[in-house]
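Quick notes on the structure that follows.
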Amino acid sequence: MIEVARQTYPDRDTLMRDLAGLVADQLRAAHATKDRATLTALSNKHGMGLSAISEVADVLASDHLAARGLWEETEVEGRTVRIPGPLFREVGP
């Protein structure tokens, strides 16, 4: 038996699972009010390694990807759409 803050746990694994749950709940609550840009800035500042999961619209609107020539435009059923271009390009002489 392990006792922590008047709570008794039958073994170390149970204690660690409960602690992990508490930490996860606290992180969720602390980050729930922050937008993606703020979370990314905090992650970069503190070396946390968080990465946003982009939606399709975010990826298509990315200035970063457009500046690197990722997209090609093509006609699909009478509409102009963006599709990924070649993944590998020759660079240099």
(request) Normalise the Cα radius of gyration of segment 54-93 by 2.2 N^0.38 Å (N = residues in it) and let me know the number. (result) 1.34
(request) Calculate one ³J(HN,Hα) per residue across segment 80-93 by plugging θ = phi - 60° into the Karplus curve 6.51 cos²θ - 1.76 cosθ + 1.60, and present them in order as whole Hz with x for glycine and proline. (result) 8, 10, 8, 10, x, x, x, 7, 10, 10, 6, 10, x, x
(message) Under the rule of at least 5 residues apart or a separate chain, name every residue whose amide H is placed under 5 Å from the amide H of residue 71.
(response) 85
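If you average over every viewing direction, what projected area does the convex hull of the Cα atoms of the chain give, in nm²? The partial results should precede the final answer.
Working: hull surface 48.3 nm².
Value for the chain: 12.1 nm².
Would you calculate, for the chain, the mean residue ellipticity at 222 nm contributed by helices, counting each DSSP H stretch of 4 or more residues as -39,500 (n - 2.57) and dividing by all residues, to the nearest 500?
On the way: 4 runs with 41 residues, N = 93.
My calculation for the chain gives -13000 deg cm²/dmol from helical runs alone.
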(request) Sort largest first and round to whole Å: the equivalent ellipsoid semi-axes of segment 1-52, each the square root of five times a Cα gyration tensor eigenvalue. (result) 32, 11, 8
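Longest span of the chain, sites excluded, free of trypsin sites (Lys or Arg not before Pro) in DSSP loop with at most 10 other C-beta atoms within 10 Å? Numbers along the way, then the final one.
Numbers: sites that count: 6, 89.
Longest site-free region, per DSSP loop and neighbour criteria: 7-88.
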(request) Using label points projected 7 Å from each Cα along Cα→Cβ, tell me how many nm separate residue 71 and residue 37, to one decimal. (result) 1.9 nm
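Please report 90, 55 as a ranked list, fewest other C-beta atoms within 10 angstrom at the top and most at the bottom.
Working: 90 6, 55 9.
In order of increasing Cβ crowding within 10 Å: 90, 55.
Each reported figure results from applying straightforward, stated rules to the coordinates on display, with no laboratory input. Just so we're clear, the structure is a prediction, and the values are computed from it rather than from any experiment. Here Cβ is always computed from backbone atoms with ideal geometry, including for glycine, and neighbour counts include all displayed protein chains.
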